[in-house]
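J.: What follows is a single structure, and I will ask about it in a moment.
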Amino acid sequence: MVRIFVTLLAALPVAAQSTLVLPPSHATREGTSFTNVPFGRSTPTRCQLAYDGALLPRAGNIESLALRIDGGQTVAGKQVELMVRASTGPTSVLALQATFALNVGADVRDVFARRLFDLPALTSAQTPNPFHLQIPFDAPLPYDPRNGAVLFDLTVFDQPPGVYPLDLTYVCDSPVQRYGPAGCGPQGGPALQVTAATTQVMWGQPLDLQVTAARPASIAGVFLGVIEQGPWAGITLPYDLTLVGAPTCHLSIDMSFSAFASANALGTATFPLTIPGRPELVGAAIRFQGFDIDPAANALGITTSQPAKVAVCGWERVGRVWASGANATIGAREVGLAPPVTLTLR
C-alpha cells in the first residue's frame, strides 16, 4: 500500500522551475552604468523596482530575487537591515508613479521579513558579473504577468558606510545611418543635409530632426516613411527628380508623414517630434529625408537631402522609484532604468 501511494505521489505533476533574467536582453550583456541604490548609500533607503509583465513568459510563484554587482567590479561584504515586499504593480512601467503607494498592488505581501541580512562579498570580477546577491523569499509571490508589472519594494532601514554598486540597465545610442543617393543643392552651393540631433532615440521620448544647408529663411521640411527602395505610388524609389526639373535630386522615401519649419539665417531648420510611448518599437527604423523649397535652385523649385535612418533603441521595459529614508512616500521616478535581476519562477 505504501509503495502504491509513493508511486502515485511521484506521478503527480510538479511545477517547473525557471530562472529568468529581467530584462532578458541583459542575460549576458553588461549595463552602461551602475547604481548605489539601495545598498551603497550608507543611509536608510527605499527603492521600488518594476519589471513589465511582457518580460515574463508565464504565471507562477516567484520564489527569489537576485542582483549583480556592476561589471568589472569587486566589492566587500556588508550587513544591512532589509525588508522586501512584492506585488503586482502598474499595468505598464509607463504608469509607474513617483508616489510609492500608487504603485503597490492589492496582492502585496512581505516576501522577505525585516531582519539583518549579509550582502555577500565579490572577490573576482567579470563583465558582466554573476547574479551573486541572492535574496530567497520567506513566502512566494503568486504572479500573473497579464495583470501588470511585477514590483519589488526594498527598504533598507540601516546600513553601514561602504559602496555596493549594482549593475544598471543599458542606455543605448542611435547613430545616424545614411543610405541612397546623395543630396542636391543650388547650383554651386552645398548639398542639403538632414540629421537627427537626438542621439538616444527612445520610445516615448523626443526626436529632433534637423535640415541644414537650406536657403536662409526658406521653408524647409522633412519626409518620414518606411520604404527605402522599391515601388511606391506608381514610381520606383529612389526616384530621379531630373525628369521633373530637379537635376541630381532624388525622392528617396515614401512620404508617409511630412513636417515644415522655417530655416534660420544659417539655413538650419529644426523639427521637434515625439516617438510614441510603445515599448514594442525598440529596434524599429525611423527613416527620414530633408527638402527645401528654393525656387532659384532648379525648375522644380526644390532641393533634397540624402536620406537617413535611426533605430529606436530603448527604454527597457523596467523602471524604479527611489528615495533616501526608510519612511519615504515620494521618490525619484526613472522609467527604463533598473538593476538587471534574476527571478526564480515556479
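J.: Could you give me the ³J(HN,Hα) list for segment 107-114, computed from phi with Karplus coefficients 6.51, -1.76, 1.60 and θ = phi - 60°, whole Hz, x at Gly and Pro?
T.: 8, 4, 8, 6, 9, 9, 5, 4
J.: Another one. Any idea what the relative contact order of segment 91-204 is, in percent, if you count C-alpha pairs under 8 Å spaced at least 6 apart?
T.: With pairs under 8 Å counted, the relative contact order is 22 percent.
J.: Can you tell me the length gained on complete extension of the stretch SER25 to LEU243, counting 0.36 nm per residue apart and subtracting the Cα distance?
T.: That pair, SER25 and LEU243, stretches by 73.7 nm at full extension.
J.: Say a paramagnetic label sat at a point 7 Å from the Cα of ARG278, along Cα to Cβ; which residues of segment 294-310 have their backbone N under 19 Å from it?
T.: 310
J.: Oh, and also: Once both labels are modelled 7 Å past Cα along the beta-carbon direction, what's the ILE227-ALA101 spacing in nm?
T.: Taking the two extended label points, one gets 5.6 nm.
J.: Still on this structure, please answer the following. Along Cα→Cβ, 7 Å out, is where each label goes; now give me the distance between the ones at THR123 and ALA191 in nm to one decimal.
T.: Label-label distance for THR123 and ALA191, simple model: 6.0 nm.
J.: Report the FRET efficiency, 1/(1 + (r/R0)^6), for SER258 and ASP173, where r is their Cβ-Cβ distance and R0 is 35 Å, rounded to 0.05.
T.: My answer for the efficiency is 0.85.
J.: Calculated from DSSP H runs of 4 or more alone, at -39500 (n - 2.57) each and per residue, what is the 222 nm mean residue ellipticity of the chain, nearest 500?
T.: Calculated at 222 nm, the ellipticity per residue is -1000 deg cm²/dmol.
J.: Now for a different question. Taking the chain as a Gaussian network, where each spring joins two C-alpha atoms under 10 Å apart, which residue of ALA86, ALA299, ALA323 fluctuates the most?
T.: Answer for the Gaussian network model of the chain: ALA299.
J.: Determine the gain in length on full extension of the stretch ALA54-THR199; use 0.36 nm per residue of separation and subtract their C-alpha separation, reporting nm with one decimal.
T.: Going from the current span to full extension adds 49.6 nm.
J.: If you stretched the chain out fully between ALA113 and ASN327, how much longer would it get, using 0.36 nm times the residue separation minus the C-alpha to C-alpha distance?
T.: Working it through step by step, the gained length comes to 75.4 nm.
J.: With each pseudo-label sitting 7 Å past Cα toward Cβ, what's the ASP158-THR268 distance in nm, one decimal?
T.: The modelled label-to-label distance comes out at 5.6 nm.
J.: Hey, what do the phi angles of segment 304-317 turn into as Karplus ³J(HN,Hα) couplings, whole Hz, using 6.51/-1.76/1.60 and θ = phi - 60°, x for Gly and Pro?
T.: Result, rounded to whole Hz: 10, 9, 5, x, 8, 8, 9, 9, 6, 10, x, 6, 5, 7.
J.: Here's a follow-up. Based on the Kirkwood radius over alpha-carbon pairs, what value in µm²/s does the Stokes-Einstein equation return for the translational diffusion coefficient of the chain at 20 °C and 1.002 mPa s?
T.: Estimated via Stokes-Einstein, D reaches 92 µm²/s.
J.: May I pose another question? Please find the FRET efficiency linking ALA296 to SER33, where r is the Cβ-Cβ separation and R0 is fixed at 35 Å, and quote it to the nearest 0.05.
T.: Once the sixth-power term is evaluated, E becomes 0.10.
Every read-out reported here was derived from the displayed coordinates using simple, explicitly stated rules and does not represent laboratory data. All values derive from a computational prediction rather than experimental measurement. Note that we place each Cβ from the backbone using ideal geometry, even for glycine, and neighbour counts take in every protein chain shown.
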